[in-house]
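Laboratory data are not the source of any read-out in this text; all were calculated from the coordinates shown. Only a predicted model underlies this, so the values are computations on that prediction, with no experimental measurement involved. All Cβ positions, even for glycine, are placed from backbone atoms using ideal geometry, and neighbour counts span all protein chains on display.
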Amino acid sequence: MFRTRLGARHVGVALVGIGGVLGAVRFRSRRGVRKCRRSLRAERAGDESFDPGSVSALPAPARRYLEHAIDPGRPLARRVELTMAGEFRFGDRWCPFEAEETLAARRGFLWEPTVRLGPGLWFSGVDFYVDGEGGQRFFLDGLLPVVRAGGPAVDRSSAGRFLAESVWLPTSLLPAMGAEWETVDDDRARVSLPGVDEPLTLTVGGDGALRSVKTMRLDGGTGERRPFGAVVESERTVDGVTVPWEVEVGWETEAGEFEPFFRAELREAAFG
């Protein structure tokens with residue numbers, strides 16, 4: 001009996017110790033997240049406002065898109081704060097999530113989701129790309145570290161995500177923000193952003209509404225560059241800026257089929 005009680009006591013002490021270590025890891029991670037969030041949220045619109053004449057020389061699809069997405073005279077937002085909800089695919093299962101995101105022009109993004117895996121089981125954390133550095137930090141039930149990723153491959157993959165999500169901040173795709181455009185055809189134009197290796201191809205309707213985006217992105221699962229993109233299901237205008245409101249995001253298979261792994265609908269968008 002004495003041995004049993006002693007063993008249980010030691011196990012309890014060990015678990016408390018492990019909990020303390022995990023708590024310290026979580027604290028350091030959250031402190032870094034707060035620092036990144038403050039840095040991105042420091043980006044604010046200046047005195048410049050959108051002049052449709054500033055995009056008159058761009059390819060026709062780019063001009064239609066930007067004139068549709070940004071109201072004339074609207075201050076050039078440098079940041080957007082998003083809240084969203086949707087589903088994330090794990091194998092054959094779609095799991096619900098809610099998330100907040102900060103995205104800043106020429107800087108990057110910080111995405112903070114909570115994903116429900118089942119009754120009483122969830123994970124949360126952060127996926128980020130800030131000033132050329134990407135990474136993921138995720139915790140099961142808010143405590144147990146399950147993902148801690150970084151390095152050059154993650155940087156490249158995260159840059160691809162940042163590129164695709166820049167359509168949530170259309171002002172970041174203006175020449176005034178360093179964006180460079182080229183024609184693909186009557187319905188598509190390609191844009192390159194400073195510091196991002198790959199360009200993004202936008203498909204635009206005759207009315208200027210964004211239909212889809214596509215780029216080449218490093219797949220963290222396979223280590224290969226693969227076509228990656230999103231289909232825009234609906235859009236909404238908020239404070240003079242029109243953005244995708246419902247999206248389906250995924251990879252393109254070798255057979256050329258779109259395979260979604262992420263569906264989201266925005267709840268709020270606030271520009272700064």
Check your understanding: For the stretch 2-271, what's the relative contact order in percent, using C-alpha pairs closer than 8 Å and at least 6 residues apart?
Key -> 17
Check your understanding: For the stretch 95-107, in order, what is each residue's ³J(HN,Hα) by Karplus, 6.51 cos²θ - 1.76 cosθ + 1.60 with θ = phi - 60°, in whole Hz (x at glycine and Pro)?
Key -> 10, x, 9, 10, 7, 10, 9, 10, 10, 10, 4, 6, 10
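Between Leu143 and Arg211, what is the FRET efficiency for a Förster distance of 51 Å, r being their Cβ-Cβ separation, to the nearest 0.05? Can you show the working numbers first?
Details: r = 42 Å, r/R0 = 0.82.
Efficiency computed from Cβ-Cβ geometry: 0.75.
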Check your understanding: Once the dipole of the stretch 2-271 is set up with Lys and Arg at +1 and Asp and Glu at -1 on Cβ about the Cα centre, which of Leu103, Gly134, Trp181 lies farthest towards its positive end?
Key -> Gly134
Exercise for review: Could you work out how far helix 60-69 tilts from the main Cα principal axis of the chain, as a 0 to 90 degree angle to the nearest 10?
Suggested key: 60
Check your understanding: Hey, what D do you get for the stretch 174-272 in µm²/s if you plug the Kirkwood alpha-carbon radius into Stokes-Einstein at 25 °C and 0.890 mPa s?
Key -> 164
Point to revise | Length gained when the stretch Ala176-Ser39 is fully extended (0.36 nm per residue, less Cα-Cα span) | key: 47.2 nm
Point to revise | Residue among Ser39, Pro52, Ile70 farthest towards the positive dipole end of the stretch 2-271, charges placed on Cβ | key: Ser39
Exercise for review: Between Arg31, Arg217, Arg63, find the one with the highest GNM mean-square fluctuation for the chain; connect C-alpha pairs within less than 10 Å.
Suggested key: Arg31
Practice item. Fewest Cβ neighbours within 10 Å first, please rank Glu182, Glu165 accordingly. Key: Glu182, Glu165
Study note, to complete from the structure: For the chain, longest principal axis from Cα atoms; helix 152-165 axis from its Cα atoms; angle between them, nearest 10 degrees, is 50
Review point. If each of Asp51 and Trp94 carries a label point 7 Å out from its Cα toward its Cβ, how far apart are those two points in nm?
Key: 4.6
Point to revise | Inter-label distance for Asp185 and Glu254, nm, one decimal - labels placed 7 Å from Cα along Cα-to-Cβ | key: 2.6
Practice item. Assign unit charges at the C-beta atoms only (+1 for Lys and Arg, -1 for Asp and Glu), then state the dipole size of the chain relative to its Cα centre in Debye, rounded to the nearest 20. Key: 2020
**Study point:** Helix axis angle, 2-41 relative to the chain longest principal axis, alpha carbon, degrees
**Key:** 20
**Study point:** Binned Cα-Cα distance frequencies in the stretch 83-153 - 5 Å width, integer %
**Key:** 4, 16, 23, 24, 19, 11, 3, 1
Exercise for review: Taking H placed 1.01 Å from N in the peptide plane, check which residues at least 5 places from Arg217 or on another chain put their amide H under 5 Å from its amide H.
Suggested key: Arg226, Phe228
Point to revise | Karplus (6.51, -1.76, 1.60) ³J(HN,Hα), θ = phi - 60°, over the stretch 210-222, in Hz, Gly and Pro reported as x | key: 6, 9, 6, 9, 7, 8, 9, 10, 6, 7, x, x, 10
Revision key, fill the gap. Note: probe point = Cα of Asp219 + 7 Å toward Cβ; backbone nitrogen < 16 Å; residues of the stretch 248-269 passing the test are 249-262
Exercise for review: Measure off 7 Å from each Cα along the Cα-to-Cβ vector at Thr114 and Glu133, then give the distance between these two points in nanometres to one decimal.
Suggested key: 2.8
